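Structure first, commentary second.
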Amino acid sequence: MMIFNRSLPRRTFLKGVGASVALPFLDAMIPVFAATGADERPIRLSFIEVPNGIIMDKFTPATEGADYELTPVLQPLAPYKDRMLVLSGLDQNEARQFDGELGGDHSRACAAYLTGTHCKMTSGADLRAGISVDQVAAREYGKHTQLASLEVGMESSEVVGACESAYSCAYYNTISWRTESNPLPMENRPRVIFERLFGDSGSSDPKVRMARMEENRSILDAVMDDISRLRKRLPVGDRGKVDQYIEAIRDVERRLEVAESQSDREMPDLTGPVGTPETFSEFYKLMADLQVLAWQSDMTRICTFQIGHEMSNRAYPELGFGDSHHSVTHHQGDPEKIAKTIQVNIFHTKMLAYYLEKLQSTPDGEGSLLDNSIMMYGSALSNGNLHIFHDLPVLLFAGGVADIKGGLHVRYPKGTPMTNLYLTMLDKVGIKVDRLGDSSGKLILPSV
């Protein structure tokens, strides 16, 4: 593409076969921002969760402040220490077991992780948790992007049936909840994510994408007409369900409109990923790359990444042993199992370092994608052996973003709700929310 003596509008897209891709920030776009006074870059949000807890004495620094020594689990993140905050003392109290509840520690912890709410013990369709912080952000950010949010997982995404005691699989197979009764499945198929971003042809033929758009529009028009007539004859309880359905239809319509508005622009050929890589590291890297691409093209600004569902029995043969992750976390003091769990914990942060490096190496305005993002990493449990949900492992990569100071280990008072951090994260990106789950107020983060 050749650019002559004129500036490009920010929302410039290239069109290819069956796809449309937004350009990243280019120098040629700077005059447009200077003339309009528009904000240069949006701040993206990412929530990353690893399952089954972490060996905390190998994660938490021994001292607070700026001069702390990196622990073995944090060592792979040394290049990012200046923008990393280690936050200690945060609890997810709504993961606790109520009287009359049976088992379900992993399910409750996972459901409460981003919602701060206690899930209903059920294996049926009457699910109840709470809206998650990523979806609170998506309601606002989704007004400006084709996809309101992207939910990515690395294991099966079933949300039906019972998986732990009397708890539905939905409670530990996802960390994202659109509403208190609507869990969002984590997509674990790379090609499906690719097609969500660039169209279902994978790499060619714009007629395929346009035909799909036209088909979806005609279906939506017909459904809306039918629903409008049907709704008048339904009882009040069913009307609420219909309204939720209509809201989903409107979201699809908005996405189609955005896609159609991009259809007259050029785009290079793209080839979508085929299948799922055999090794965990290659699978992780592919999923991380897709999320970086989603941010780079501004298709979405919210990513939720679940490395594995709670009670994950994934094995990591790349580490030299075949034990499942969940089994070694229940070590009961066995040094060999503890050592293997630590290896898994370190492997996860090595993979996180890859993700951070990709973001840091991807230009975005005058900086990088990492310079314009706030990312949270952690687990829904601290001690996986005992299923403890207090003093959770929390990392925040935000140094230099929204006046947040990095490079510190900060310990908060015992009992501080994890959701207080979420209120602050939302506040930092301009989304004002008074309460989320069991929050008691905004968390004070170190400022520059």
Out of the residues in the range 414-434 meeting the condition of being assigned to a helix (DSSP H, G or I) and among the aliphatic types (A, V, I, L, M), tell me which one is surrounded by the fewest Cβ atoms within 10 Å (Cβ to Cβ).
426
Tell me, yes or no, whether the range 105-119 has at least one residue that is in the same structural domain as residue 172 (by TED's automatic domain parsing), surrounded by fewer than 24 Cβ atoms within 10 Å (Cβ to Cβ), of a type in the set (A, V, I, L, M, F, W, C) and not in a loop (DSSP other than H, G, I, E, B).
no
Sole exception among (1) outside any helix (DSSP H, G or I); (2) modelled with pLDDT of 95 or more; (3) surrounded by 19 or more Cβ atoms within 10 Å (Cβ to Cβ) for residue 20, by number
(2)
Every residue from the range 310-322 that is of a type in the set (Asp, Glu) and crowded, with 17+ Cβ neighbours inside 10 Å
310
Take residue 40 and tell me if it is within 29 Å of residue 148 (Cβ to Cβ) and either of a type in the set (Asp, Glu) or modelled with pLDDT of 95 or more (or both).
yes
Restricting the search to the range 65-74, which residues are out of contact with any Leu (no Cβ under 8 Å at 6 or more places or on another chain) and either within 25 Å of residue 137 (Cβ to Cβ) or exposed (fewer than 15 other Cβ atoms within 10 Å of the Cβ) (or both)?
67, 69
Can you tell me how many residues within the range 327-342 are buried (at least 18 other Cβ atoms within 10 Å of the Cβ) and of a type in the set (S, T, N, Q)?
2
All but one of (1) at pLDDT below 85; (2) over 19 Å from the mean Cα position of the chain (by Cα); (3) assigned by TED's automatic domain parsing to the domain that holds residue 146 hold for residue 299; state the number of the condition that does not hold.
(2)
Note down all Cβ pairs under 6 Å where the first residue falls in the range 298-314 and is in a loop (DSSP other than H, G, I, E, B), the second is of a type in the set (Phe, Trp, Tyr), and they're at least six residues apart or on different chains.
301/141; 309/172; 310/172
For the range 48-72, what are the residues that are under 21 Å from residue 113 (Cα atoms) and part of a loop (DSSP other than H, G, I, E, B)?
51, 52, 53, 54, 55, 59, 60
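The values are calculated or read from the model by the stated rules, or taken from the named source; none is laboratory data. Predicted model, so just to flag it, every value in this text is computed and none were measured. Here Cβ is always computed from backbone atoms with ideal geometry, including for glycine, and neighbour counts include all displayed protein chains.
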